[in-house]
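Structure first, commentary second.
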Amino acid sequence: MQSPPYPERVLTELAARIRKEFRLLQYGRLVLVIRKGRLMQIERTEKQRFTGLDGEGI
């Protein structure tokens, strides 16, 4: 059987980081890039809409 890619402490820290990024997101996308079972990066793309500025928005 293969050992886990991260120690338990690191998994806890990564989970907390992912939860934080998710909480900060209002409208958009959170992408986790994983290679060979390891988290390589977190991409957060947030959309912002501006209404009430001369019509429907920008």
Restricting to segment 25-54, what's the tally of residues that are within 19 Å of Ala15 (Cα to Cα) and touching a helix residue (DSSP H, G or I) at 6+ places or on another chain (Cβ under 9 Å)? 5
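Within segment 19-44, track down each residue that is β-branched (Val, Ile, Thr) and modelled with pLDDT of 95 or more.
Start the filter on segment 19-44 by keeping residues that are β-branched (Val, Ile, Thr), which leaves 31, 33-34, 42.
Selection gives Val31, Val33, Ile42.
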Going through segment 19-31 in order, the residues found to be open to solvent by 50 Å² or more (accessible area, probe 1.4 Å) and not in a strand (DSSP E or B) are Arg19, Lys20, Phe22, Arg23, Leu24, Gln26, Tyr27
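The values are calculated or read from the model by the stated rules, or taken from the named source; none is laboratory data. Computed from a predicted structure; not experimentally measured. Note that we place each Cβ from the backbone using ideal geometry, even for glycine, and neighbour counts take in every protein chain shown. Accessible surface is based on the protein model in full, side chains and every heavy atom, while ligands, DNA and RNA are left aside. Shrake-Rupley method; radii C 1.70, N 1.55, O 1.52, S 1.80 Å.
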